[in-house]
Amino acid sequence: MGGGTSDESGKRQDGSDSSDFLADIRLVPNLISLGRIVGVLIAAVCYFNRLFAPALTLGLLSGITDYLDGYFARKLGQTSELGALLDSLADILAALISLTVGLYFGLWPVYLLLAWGLRDMTVLAMRASAAQQGFTIPTMFLGKVAMNFTGWAYMLLALELVRPFAGSAILSSGLHWFALGAIHVGIALQWVVGIVYLRSYAQRYRRNRASGAVS
């Protein structure tokens, strides 16, 4: 009797978890984030097949949805842990693909990809460790500023590949250096934010260790 009750309870719990997940997936901001992920992946296929105009269009739409998911999450009161995960995944994919494209076509140096990857992996590891210890690392407004710089840099990169100013060396060169400058500023700001996050993590870690919360 006892074993049967436990199994049934487990099944009910599994079913409840599955139901909650499906319910969260159907939330408007999460559907928008899923659409952004799909759009970014399709844009990657377009880039590497030299379909630059469709890639630019998809990039613009993805950038717009990056604002819309947060707006609808607040407007409709539909925030969720799944939504935060999908939003982060979409941002990481967009950055990884854009930096790889810039490197692949010889427009951006490899150290940008390395600098972004090292910083993002470090922050992800810190956040995971903080969660295990029962605290979170608060986000900063400067982080949003950095994301705007990098986001616009990705758009300018796509525009550069479309070559709208092919007849003007000055305008083409200006577009290239503007995009390159924006991505450097964005990643530099991300590193500044990452250092602040590291200090915040270290302070909380020391307090937890002093109180015996960390073994």
Taking the stretch 183-215 and keeping only residues that are farther than 29 Å from Pro109 by Cβ and small (Gly, Ala, Ser), one is left with Ser200, Ala202, Ala210, Ser211, Gly212, Ala213, Ser215
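Scanning the stretch 117-144 for residues that are of a type in the set (A, V, I, L, M, F, W, C), more than 30 Å from Gly212 (Cα to Cα) and out of contact with any helix residue (DSSP H, G or I) (no Cβ under 6 Å at 6 or more places or on another chain), which turns out surrounded by the most Cβ atoms within 10 Å (Cβ to Cβ)?
Per the criteria, the residue is Leu118.
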So which of Leu114, Leu156 is among the hydrophobic types (A, V, I, L, M, F, W, C) and either under 16 Å from the mean Cα position of the chain (by Cα) or loosely packed, with under 15 Cβ neighbours inside 10 Å (or both)?
Leu114
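What's the total number of residues in the stretch 88-130 that are of a type in the set (S, T, N, Q) and either in contact with a Gly (Cβ under 6 Å, 6 or more places away or on another chain) or not in a helix (DSSP H, G or I) (or both)?
Here the count works out to 0.
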Considering each residue of the stretch 193-215, count those that are in contact with a Gly (Cβ under 9 Å, 6 or more places away or on another chain), in a helix (DSSP H, G or I) and either loosely packed, with under 13 Cβ neighbours inside 10 Å or modelled with pLDDT under 90 (or both), and give that number.
1
Please specify each residue of the stretch 62-94 satisfying the condition of being among the small types (Gly, Ala, Ser) and surrounded by fewer than 16 Cβ atoms within 10 Å (Cβ to Cβ).
Gly77, Ala84, Ser88
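The values are calculated or read from the model by the stated rules, or taken from the named source; none is laboratory data. The shown structure was predicted, so the numbers you read here are calculated from the model rather than taken from an experiment. No Cβ is skipped: glycine too gets one built from the backbone with ideal geometry, and neighbour counts run over all protein chains shown.
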